[in-house]
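Trainee: Mind having a look at this structure? Questions to follow.
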Amino acid sequence: MSYEAKEAKIFACTQSTHLAEKIAKAYGVKLGKVITSTYSDGEFQPSYEESIRGTRIFIIGSTNPGPQNLMEMLLMIDAAKRASARHVTAVMPYFGWARQDRKDKPRVPIAAKLVAKMLEAAGATRIITMDLHADQIQGFFEKPVDHLFASTIFLPYLKSLNLDNLTIASPDMGGSKRAYAYSKALKSDVVICYKQRAKANVISHMELIGDVTGKNVVLVDDMVDTAGTLTKAADLMMERGALSVRAICTHPILSGAAYERLEASKLEELIVTDSIPLKQESKKLKVLSCADLFAEVMHHVHHNESISNKFVM
């Protein structure tokens, strides 16, 4: 007797509900029902309110700190495994804790590795994520990882701006590979910022490698946290003769004084995805949705079709 796979079901972690609704709509299914019970001390328990036995399920949730977002993903994966789901795919538009991908000094954890192992121990059979802070994090998993690039979203928008004398910039040395990939696609020049940190999120010195005089500059990065690097780089480039400075950052963490820095900076526009919900609005923020990208990849994964055309850098 032949077995026909059931249609996949999509569920959302609490903070990613809005994005999950858009993904489910683009996929062509209704978002699955989950209720979360919370104890008075803050402990919570998610519960699937429909059968998932023998089904591939996609659990959508970015795991940006604090720890409750990661814990909710782990609990939902565990619940799905115990409910006899056939495949449990963790769809993590933003993979949190990714900046801790190596020991950069003695006696510190490699949190990205730990998170990978926790996801697998909970029962995830596949991971789908976007613009990891470091590509090598894929190697922390023993399960398949589909690492998507937001360039498939950003490049059409950048081309639509029709900017003359376009130059792509990296705000630090670590992002140079990403900047070169964008410049190749856009046939533009590249400049790089060299920065030194006094401590995490605090820049002591920044210098520019390359010429931006008379150029429309687009800074490229995987995430924007406190916005200190981006705004300092934008101000430096305008001082060095740039006509305009924009930035594209996949994940808008925007913590601390980020919104104040953004408003006070010489950045003309900060273009982000909706991988993480915005804490507040800003006239300088342009949000491009990643829902269609994830929906299409999830559909291909469920039907065992190639997704190689989505790996565009």
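The values are calculated or read from the model by the stated rules, or taken from the named source; none is laboratory data. As the structure is a computational prediction, the values presented were derived from the model and not from experiment. Positions of Cβ are generated from backbone atoms using ideal geometry, with glycine treated the same way; all protein chains shown enter the neighbour counts. All accessible areas refer to the heavy atoms of the entire protein, side chains included, with ligands and DNA or RNA removed. Shrake-Rupley method; radii C 1.70, N 1.55, O 1.52, S 1.80 Å.
Trainee: With the convex hull built on the Cα atoms of the range 76-115, state its orientation-averaged projected area in nm². Can you show the working numbers first?
Mentor: Numbers: hull surface 14.8 nm².
Its Cα hull, projected and averaged over all orientations, spans 3.7 nm².
Trainee: Check LEU285: other-chain or 5+ apart residues with amide H under 5 Å from its amide H, H built from backbone geometry?
Mentor: Answer set, sorted by chain and number: LEU270.
Trainee: Moving on to the next point. What is the packing order of peptides 225-234, 120-129, 12-21, taking the mean over residues of other C-beta atoms within 10 Å and listing the highest first? If you can, show how the numbers build up before the last one.
Mentor: Numbers: 225-234: 23.1, 120-129: 18.6, 12-21: 20.3.
Ranked from most to least packed, the peptides come out as 225-234, 12-21, 120-129.
Trainee: Sequence gap at least 6, Cα distance under 8 Å: using those rules, report the relative contact order of the range 130-280 to the nearest whole percent.
Mentor: Relative contact order for the range 130-280 comes out at 19 percent.
Trainee: Here's another thing I want to ask about it. Over all directions, the average projected area of the alpha-carbon convex hull for the range 71-218 comes to how many nm²?
Mentor: Mean orientational projected area (the range 71-218, Cα hull): 11.3 nm².
Trainee: For the chain, which whole-number percentage of the solvent-accessible area (1.4 Å probe, protein heavy atoms only) is attributable to carbon and sulfur atoms?
Mentor: 51 percent
Trainee: I'd like the Karplus ³J(HN,Hα) series for the range 80-86: coefficients 6.51, -1.76, 1.60, θ = phi - 60°, whole numbers in Hz, and an x wherever there's a Gly or Pro.
Mentor: Running phi through 6.51 cos²θ - 1.76 cosθ + 1.60 with θ = phi - 60° gives 5, 4, 6, 8, 6, 5, 6 Hz.
Trainee: Also: Please list 282-290, 70-78, 91-99 highest first by mean number of surrounding beta-carbon atoms within 10 Å per residue. Numbers along the way, then the final one.
Mentor: Values: 282-290: 15.3, 70-78: 21.6, 91-99: 24.7.
Packing order, densest peptide first, comes out as 91-99, 70-78, 282-290.
Trainee: Right, next: Between ILE10 and residues 5 or more places away or on another chain, which pairs have amide H atoms under 5 Å apart, with H built 1.01 Å from N, and which residues are they?
Mentor: It is GLY32, PHE58, by chain and number.
Trainee: What are the ³J(HN,Hα) couplings of the range 130-146, residue after residue, when phi is run through the Karplus curve with 6.51, -1.76, 1.60 and θ = phi - 60°? Round to Hz, x for glycine and proline.
Mentor: Per-residue couplings from phi come out as 9, 6, 4, 4, 9, 4, 5, 4, 4, x, 6, 9, 9, 9, x, 10, 9 Hz.
Trainee: Could you state the principal axis extents of the C-alpha atoms in the chain, from the largest down, to the nearest angstrom?
Mentor: Rounded to whole Å, the extents work out to 68, 42, 34 Å.
Trainee: Continuing with the same structure: Does the range 7-50 come out rounded, prolate or oblate by the C-alpha gyration tensor, with a ≥ b ≥ c the root eigenvalues, rounded set by a/c under 1.5 and, if not, prolate when a/b is larger than b/c and oblate if not? Spell out each step's value before the answer.
Mentor: Working: a/c = 4.50, a/b = 2.04, b/c = 2.20.
Here the range 7-50 falls in the oblate category.
Trainee: So, in nm, how far is label LEU114 from label ASN304 when the simple model puts each one 7 Å beyond its Cα toward the Cβ?
Mentor: Each label point lies 7 Å from its Cα, and together they span 3.8 nm.
Trainee: Compute the distance in nm between two label points, each set 7 Å from the Cα along the Cα-to-Cβ direction, one at ALA264 and one at PHE44.
Mentor: The answer from the label model is 3.3 nm.
Trainee: Please report the relative contact order for the chain, taking Cα pairs under 8 Å with a sequence separation of at least 6, and give it as a percent rounded to a whole number.
Mentor: 14 percent
Trainee: Tell me, what is the per residue accessible area of the chain in Å², probe radius 1.4 Å?
Mentor: I get 47 Å² per residue for this part.
Trainee: Taking a virtual spin label 7 Å from the Cα of LEU161 along the C-beta vector, which residues in the range 130-150 bring their backbone nitrogen under 20 Å of it?
Mentor: 131, 149-150
Trainee: Relative contact order for the range 210-305: what is it in percent, counting Cα pairs under 8 Å that are at least 6 residues apart? It would help to have the intermediate numbers written out before the result.
Mentor: Values: 166 pairs, mean separation 24.2, N = 96.
RCO, the range 210-305: 25 percent.
Trainee: Let me ask something else about it. Where is the GNM fluctuation largest for the chain (alpha-carbon springs, 10 angstrom cutoff): ALA169, ALA247, ALA258?
Mentor: Most flexible of the set in this elastic network: ALA258.
Trainee: Mind listing the long-range amide H neighbours of ASP146? Cut-off is under 5 Å, sequence gap 5 or more, other chains count too, H placed in the peptide plane at 1.01 Å from N.
Mentor: Residues meeting the amide H criterion: ILE127, ILE128, THR129.
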